[in-house]
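The next block holds one structure in the form of structure tokens; read it before the comments.
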Amino acid sequence: MKNLIIRKALLKDKEQLLNLEQEVVEAERPFNTSIKPNDAIYYDMAKLLNDDTSHLLVAEFEGQIIATGYAQIRTSKTSLKHNEHSYLGFMYVVPEFRGLGINGQIMNILIDWSKEQGVSDLYLDVYEGNDAAIRAYEKIGFAKSMVEMKLDLEE
Ligand SMILES: CC(C)(COP(=O)(O)OP(=O)(O)OC[C@H]1O[C@@H](n2cnc3c(N)ncnc32)[C@H](O)[C@@H]1OP(=O)(O)O)[C@@H](O)C(=O)NCCC(=O)NCCS
């Protein structure tokens, strides 16, 4: 897409990023009735913006952030062959720009960044039923792995 700039997120983006974080919360709300009705915070935005172990990207179109995504180097379970992995999150594209592969462009940069950090195992979480997201990730090469199961005794 012409005029689309994908760049590292900057401190000046923080307010827009916090608003977009809430869009992700709302997008996922239908998949989990336990999400708080107000003040549901998903990300440590300060860490994503400042820490060298995180790489938060934004896609900018005409001065507005229209997509986001981060990779973060995390310590892996001791049972695994790899000591560290890259965890991907904050995958969001504003509705008017969906279906154009913008998330894929962001993910490919995050995959390259992860490789540069010496990491070759990448993970992310996605709700069962979030078909557009699962499709986007499968196109990049992700395959389903662990399934989280839940029992809510109050429902
Ligand atoms: C998940 C998400 C980031 C994917 O971004 P994207 O740039 O639209 O991804 P793609 O262009 O690769 O499209 C992925 C799939 O979305 C679906 N799609 C296509 N157009 C769409 C549209 N206008 N609106 C919604 N979904 C659409 C298609 O199934 C598409 O797969 P296809 O290309 O094989 O047809 C985006 O849908 C989104 O922001 N969703 C809301 C937030 C969210 O759920 N984030 C994931 C948290 S794990």
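Bear in mind that the values in this text are calculations on the coordinates, not laboratory data. It should be emphasised that the depicted structure is a prediction, and the values quoted were computed from it without experimental measurement. So basically every Cβ, Gly included, is an ideal-geometry build from the backbone, and we count neighbours across all protein chains shown.
Considering only residues that are surrounded by 15 or more Cβ atoms within 10 Å (Cβ to Cβ) and farther than 18 Å from Leu100 by Cα, which ones fall in segment 1-21?
Ala9, Asp13, Gln16, Leu17, Leu20, Glu21
Scanning segment 127-151 for residues that are of a type outside the set (A, V, I, L, M) and assigned to a loop (DSSP other than H, G, I, E, B) gives Tyr127, Glu128, Gly129, Asn130, Gly141, Phe142, Lys144, Ser145, Glu148, Lys150. From the residues in segment 74-103 that are part of a strand (DSSP E or B) and surrounded by fewer than 15 Cβ atoms within 10 Å (Cβ to Cβ), which one is nearest to the ligand (Cβ to nearest atom)? Top of the filtered list is Arg74.
For Met149, the requirement of being surrounded by 10 or more Cβ atoms within 10 Å (Cβ to Cβ) and of a type outside the set (S, T, N, Q) is not met. For segment 62-104, residues that are farther than 17 Å from Gly118 by Cβ and basic (Lys, Arg) total 2.
Taking the conditions (1) of a type outside the set (Phe, Trp, Tyr); (2) away from the ligand (no atom under 11 Å from the Cβ); (3) farther than 20 Å from Asn108 by Cα in turn, Pro30 satisfies each one other than (2). Applying the criterion of being within 14 Å of Met91 (Cα to Cα) and not β-branched (Val, Ile, Thr) to the residues of segment 22-37, the residue that is surrounded by the fewest Cβ atoms within 10 Å (Cβ to Cβ) is Glu26.
Taking segment 1-56 as the range and being outside any loop (DSSP other than H, G, I, E, B) and small (Gly, Ala, Ser) as the test, the residues that pass are Ala27, Ala46, Ser54.
For segment 104-150, the tally of residues that are polar (S, T, N, Q) and within 12 Å of the ligand (Cβ to nearest atom) stands at 3.
Considering only residues in segment 110-146 that are among the charged types (D, E, K, R) and farther than 17 Å from Gly99 by Cα, the one that is surrounded by the most Cβ atoms within 10 Å (Cβ to Cβ) turns out to be Asp121. Evaluation of Val25 against the conditions (1) in contact with a Ser or Thr (Cβ under 8 Å, 6 or more places away or on another chain); (2) without any contact (Cβ under 8 Å) to a residue 40 or more places away in the chain shows that the sole unmet condition is (1).
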